[in-house]
Each structure stands twice: as structure tokens, then as C-alpha cells.
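Working notes, structure below.
The values are calculated or read from the model by the stated rules, or taken from the named source; none is laboratory data. Keep in mind that what you see is a predicted model, and the values were worked out from it rather than measured. Every residue, glycine among them, receives a Cβ derived from its backbone with ideal geometry; neighbour counts consider all protein chains shown.
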Amino acid sequence: MSLYVVGTIVTNRLGFDRRVVEKKQTLPQGKERGSFTFSRSIAIPTVIACHWWDRKPAHYLATGPSMAEDSIRRNLKGAPARNFKCPKLVTDYQRWMGGVDVHDQLRLQSYFIQTSFRFQKYHKSLFMGLLDMALVNAYITHKKTCAIKRLTPKPRGEWYILLHKQLLQLKAEDFVEVLTPMDAPAGPSRKRRRHAGHKHVQFNDWVTVSEVQKRRQRSCKVCALLRGDRKKSFQTTYYCEDCSKADAKCFL
């Protein structure tokens, strides 16, 4: 497998090694923070499942990672920051994840609109999910802007309240009017152009079938030319005057 990936994983996924799964949600007493266990797939040796003890258990799935011991810096409450040991897989993940998991945590853990409503139409729920993503991106932009201007960013809840108030104060004149270009006069349609030179006329020839008077039908010229060996030609009572010659009607 030439594709190298690393990421966190939910432990109830099908095929995930149960020996690596840690059911406890907090670091047990006597357990060293930074300890880890991992297992390697028999079918695909490059695939590795790993469990690492941070303040809470963290489970990873990766392809082709280095399991050499490394260290990661962690902030402690009421104490200076310390370095804890971890597999190289964890430091690679922290370095290259690009904020994807942080974005998901901000979107899914709190202030989540999508799960607050239930809709029968899937596109409405999809819209709420996109709205959640837009709000999270806006808050991330707010924090980045505050960092550039050396200001203290507002907590997420307070910033959402402020954004809500600002949106409620908007008026119609605050929105830029988009002027749509004048539509050009529509030219004659293909159907009209086609009928300008050729005209369908219904054949005025009658026949009595089972004591019922009906118009006589002829084989369609177009269907006869385009039909294959196994297709049956359709019958019609219309012909084209311009394409007909004397008594030879061109039925269409």
C-alpha cells in the first residue's frame, strides 16, 4: 500500500483490533501517561492500529507509520508544561492533520444546528450542516484576526450571540443589489424555424374497418429508414407537402 495516511478512529468500526481498544475514558490511577500499544494487520502489514494514553485514550489508524518512541509537549493545569512520550505516529498526526479534526470538534461537540432539527427532506439537513461549517469557519477567522491585531478573541458562545445581533440589525439597503443583465429577445425556436419551410398535413383518406371509419395510415418514412432488422416501422396519417411529389406522399 503506497498511500500513507494517519488519523483518529472510532473504535466500533468493523475490523478494528479489539485488543487495542481502551474502554476507560480517563487515565486510570497507576497508568503512565504517554504509554501506548499497537497491533499490525496480518493481511496488510503496513496498516497499524494504535492506542495512546493522553489525558484520555486516543485511538489511531495509519498506514506505513513509524512506531519509534517520540515526545510531545502537553500543558498541565496549575503546573508548567511537560513532555510525554508517544509513538512517532502521534507527532506526525499533530503536525500534519491541518486542523481537520479541530474543525470537526468545533462543529460537532457544541452549538451544532444540524442535529437540533429533524427534516424529512435530506437537503434541508444538508443545508444545516453547511451552515454549521460556515459558522465554524467564521469563528476561526475571528480568532485569526484577533491574533493578528493582538486582541483577545471572544469565547465561541459570546461571539455567536454578537454575530446573531449583527445579522438582525441588517436592513435591505445593506445588501448589494445585483443587477441582472437584460435578456436578449429570444429568436425563433428550432421548432418554428423547421415549420417555416415544411408543414405537416393530415392525410384526408378514409377507410372503414369493422364498421368504424378511420383515417388510412401509411408507414413513416423516417422510421422506415432508421429502423433496424428487429424494429417495426410506425404508422402515421401525416405527410409533408414540401417533401411530397405529386401523388408520392412523404409520410412522417
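Within segment 39-57, residues that are closer than 15 Å to V6 by Cβ have Cβ atoms under 8 Å from residues that are acidic (D, E) and modelled with pLDDT under 90 in these pairs: A49/D17; H51/E22, counting only partners at least 6 apart in sequence or on another chain. Residue-level check: of (1) modelled with pLDDT of 85 or more; (2) of a type in the set (D, E, K, R); (3) under 30 Å from Q235 (Cα atoms), R190 misses just (1). Here F119 clears all of (1) without any contact (Cβ under 8 Å) to a residue 24 or more places away in the chain; (2) under 28 Å from the mean Cα position of the chain (by Cα); (3) outside any loop (DSSP other than H, G, I, E, B) except the condition numbered (3).
Is it the case that some residue within segment 31-47 is closer than 23 Å to R74 by Cα and out of contact with any strand residue (DSSP E or B) (no Cβ under 7 Å at 6 or more places or on another chain)? Looking for residues that are closer than 23 Å to R74 by Cα and out of contact with any strand residue (DSSP E or B) (no Cβ under 7 Å at 6 or more places or on another chain), one finds at least one in segment 31-47, hence yes.
Conditions tested, residue by residue: (1) modelled with pLDDT of 60 or more; (2) loosely packed, with under 10 Cβ neighbours inside 10 Å.
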{"residue": "K171", "(1), (2)": "yes, yes"}
{"residue": "T180", "(1), (2)": "no, yes"}
{"residue": "A186", "(1), (2)": "no, yes"}
{"residue": "G197", "(1), (2)": "yes, yes"}
{"residue": "Q202", "(1), (2)": "yes, no"}
{"residue": "S210", "(1), (2)": "yes, yes"}
{"residue": "R215", "(1), (2)": "yes, no"}
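Considering the conditions (1) of a type outside the set (D, E); (2) over 26 Å from Y160 (Cβ atoms); (3) touching a strand residue (DSSP E or B) at 6+ places or on another chain (Cβ under 9 Å), M97 is excluded by exactly one of them, (2). The criterion of being at pLDDT 75 or above and either part of a loop (DSSP other than H, G, I, E, B) or more than 30 Å from T141 (Cα to Cα) (or both) does not hold for L225.
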